Amino acid sequence: MPEFILLISEQEIKKQLKKIGQKISIDYKDKDLVLIGVLKGSFVFMADLTRQISIDHEIDFLGASSYKGTASTGQIVFTKKPDLELENRDVLLVEDIMDTGNTLLKITEFIKKSNPKSIKICALIDKHERREVKIDVDYSCFSLEKGFIVGYGLDYDEKYRNLPAIYDLKL
Ligand code: 5GP
Ligand code: MG
Ligand code: MG
């Protein structure tokens, strides 16, 4: 039986998202903000984050997949492209977790082709141990050294996305 160890509670997530939402609202006050959520892992985070941002903004999603089980395949497949026009707009990528950094690097390169005015990254979790590329998270909600986490949108083989908090999964 897999074991779930509570890492971040619903209350902690809520409190931190309120802070990050306020910061984004201030930083993007005079900008043309478009949130782009990276599917599927960001869908719960995105839904909560957008409601903590008080300025007008638009949302879109892009589908990118890199994982099978707990080991990175090193391959990124785009399964959905954003629908909105991004030229000259201020894009904030919303990602569940940055691990090696390869996914966000490739997504950033891909979005740059649409000529946005700016691209920044907001990640629910910034996980450090396995970082392979030099890429910064502009808005990081939580930092983690290592581990494999599930819940709050994050899966293990497509399961456990529905858990309301964030858990360390021990198989
Ligand atoms: P990266 O390209 O940065 O190595 O990995 C990015 C993607 O791998 C994340 O967006 C996420 O979907 C998945 N991933 C990385 N670490 C974890 C983890 O601890 N738990 C889960 N569920 N997914 C992870
Ligand atoms: Mg992801
Ligand atoms: Mg996944």
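The values are calculated or read from the model by the stated rules, or taken from the named source; none is laboratory data. Treat the numbers as computed from the prediction; the structure is a model and nothing was measured. Cβ coordinates were reconstructed from backbone atoms using ideal geometry, including for glycine residues, and neighbour counts include every protein chain displayed.
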Considering only residues that are within 22 Å of Leu49 (Cα to Cα), outside any strand (DSSP E or B), more than 16 Å from ligand 3 (Cβ to nearest atom) and hydrophobic (A, V, I, L, M, F, W, C), which ones fall in region 106-134? Ile111
Give me the residue from region 32-67 that is among the small types (Gly, Ala, Ser) and under 13 Å from Asp83 (Cβ atoms) and, out of that set, nearest to ligand 3 (Cβ to nearest atom). Gly63
How many of the residues in region 46-104 are acidic (Asp, Glu) and either modelled with pLDDT under 95 or assigned to a loop (DSSP other than H, G, I, E, B) (or both)? 5
Considering only region 137-171, how many residues are in a loop (DSSP other than H, G, I, E, B), buried (at least 17 other Cβ atoms within 10 Å of the Cβ) and more than 12 Å from ligand 3 (Cβ to nearest atom)? 3
Could we say that Leu163 is under 17 Å from Ile8 (Cα atoms), more than 14 Å from ligand 2 (Cβ to nearest atom) and either out of contact with any helix residue (DSSP H, G or I) (no Cβ under 6 Å at 6 or more places or on another chain) or modelled with pLDDT under 95 (or both) here? yes
Examine region 14-35 for a residue that is part of a strand (DSSP E or B), touching a helix residue (DSSP H, G or I) at 6+ places or on another chain (Cβ under 9 Å) and crowded, with 18+ Cβ neighbours inside 10 Å, and state whether such a residue exists. yes
